[in-house]
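Worksheet: one structure, shown below.
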Amino acid sequence: MPEENVVGPNMIALTNEQFQQLLQGFRGTNPAPTVAGNNFPASGNFSKCQTRFDGKPTSDVNAFIDGLEVYKNCVNISDENAVRGLPMLLDGFAASWYQGVKATVTTWNEALTLLRSTFGARKPPHRVYRELFAKDQDNKVATNVFVCKARAILSHLPAGTLSEEIQLDMVYGLLNVRIRERIPRDKVTSFTELLDMARGVEETFAEKRDPTSEAKTATIARCAYCKNAGHTKEECQKLAKRNSSAAAPTKVVPPKEIAKTAPSSTLKCFGCGKVGYTITNCPQCSSTPGSSTSFCTFNPKKNNETLVYPRSRPLFSINILGAQGTGLIDTAAKQSVAGETLYQLLKSKGQVFIKDTMTIKLADGSGKCENILVARVSVGLADRVISTTFIVLPKATNNNTLLGIDFLQDAGICLNINSQ
């Protein structure tokens, strides 16, 4: 049986058209609320903004601009007011710079672009990549700090150059090996996941390094007197010996007895052991002729047959202070050496020498420290003059003048031994 609409005494029956008209009347008298801020007048300014920029190399212009954008949006500052109030936020060199360019700035975007182009870091992509891959993560740098610095470097690239996955691959390859061993690359899809997993790994490392209270060893005793560990001052044997020796009576010994008990020092020759002589004044050792060390006169023979035939060394005819002479070419000598004849010539000409010490290394590998003289001399070779530093061995006799590798390099000489 169909239901019937029953109208009570306090109820009003309306048709559909009447109901629609009633709803429209309610909407006209009570408009829908609008979102706060949509119709808020853009009348803010930078008078209370604490962000400042001075244009120094240590100041970050990108951070300054980001702070301005956030403050501008929060206070609802119009672009016109932002351009007018920008000089209030500039100090030092940046303020002086803006006074010269403000006539060319008409919009807020132009002001920000001019700030970035003037004070921003101009890094082309190849320099950004070099800076990124210049250093890996070491054990002392936390992963979150390293990743933050790496992403700050990558931020200098133009927007959209690299996707997040490629950046993640590049930064992951620079992480410490202990992090990469415990965090597989295929398990990480974002930097947030990488930092969360790395933080857990580093906390595990910190727990392994920190000893527990049960594993801590007892404090080792240390003596306050001798500073050695393992005993206290009351147990120190050195202190006990000192106290016992101080308490014992002092015995006075006459000077004659001291002279009798003092050991007599006897000199002995180092070469033959002769008492009362040293090797320099020993009659036996000084009379023994020394063996010659000249390789030019070293001619080994077997059955009266010469086995080695020394060849002549190359010579240069040189002119020093108007005197003509010869110098042996010695490529094994790092420094040119003035022979006895050249030394006497330089002294007679009034050459100034500088005293110095040098370690002289011989061909057999042995070396000793010698007192030397140093002189700067002009050496004439053919039609050229080469300024050369010579060292002089004052104790050497009958030695030759050696033109070392320094002379050959300064003169630009290339030797052809086969054509001598």
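Quick look at the values:
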quantity	calculated
Net charge, Thr192 excluded, C-beta distance under 15 Å - Lys, Arg +1, Asp, Glu -1	-1
Low-density loop cleavage sites - trypsin sites (Lys or Arg not before Pro) in segment 361-420, where at most 11 other Cβ are within 10 Å (DSSP)	Lys395
Per residue, the convex hull volume that the Cα atoms of segment 315-411 enclose (Å³)	96 Å³
Leading residue at positive end of dipole, segment 125-209 (Cβ point charges), from Asn139, Met197, Met170	Asn139
Trypsin sites (Lys or Arg not before Pro) within segment 113-142: DSSP coil, no more than 16 neighbouring Cβ in 10 Å	Arg122, Lys135, Lys140
Entries in Lys72/Lys123; Lys48/Lys72; Lys347/Lys368; Lys368/Lys395; Lys334/Lys368; Lys135/Lys187 that, when Cα-Cα distance is taken, lie over 19 Å	Lys72/Lys123; Lys347/Lys368; Lys135/Lys187
Semi-axes of the equivalent ellipsoid for segment 91-218, Cα gyration tensor, largest first, Å	42, 19, 12
Simple spin-label estimate for Val275 and Arg180 in nanometres, 7 Å along Cα-Cβ	7.7 nm
Loop-located chymotrypsin sites (Phe, Trp or Tyr not before Pro) in segment 74-173 whose Cβ has at most 13 other Cβ within 10 Å (DSSP)	Phe133
Gained length - Ala332 relative to Val101, 0.36 nm times residue gap less alpha-carbon distance	76.4 nm
Efficiency of FRET from Cβ geometry, Ala206 and Ser155, R₀ 51 Å, rounded to 0.05	0.95
Residues Arg127 and Arg384, FRET efficiency given R0 of 41 Å [Cβ-Cβ distance, rounded to 0.05]	0.30
Long-range amide H partners of Asp91 with built H, under 5 Å	Phe53, Asp54
Virtual spin-label span in nm between Ser348 and Arg311, 7 Å along Cα→Cβ	3.6 nm
Residue-count net charge about Thr359 - beta-carbon cut-off 9 Å; Lys, Arg +1, Asp, Glu -1	+1
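Here, each number is a calculation from the coordinates, and none is a lab measurement. Bear in mind that the values here come from a model prediction, so they are computed numbers and not experimental data. Methodologically, a virtual Cβ is constructed for each residue, glycine included, from the backbone with ideal geometry; neighbour enumeration extends over all protein chains shown.
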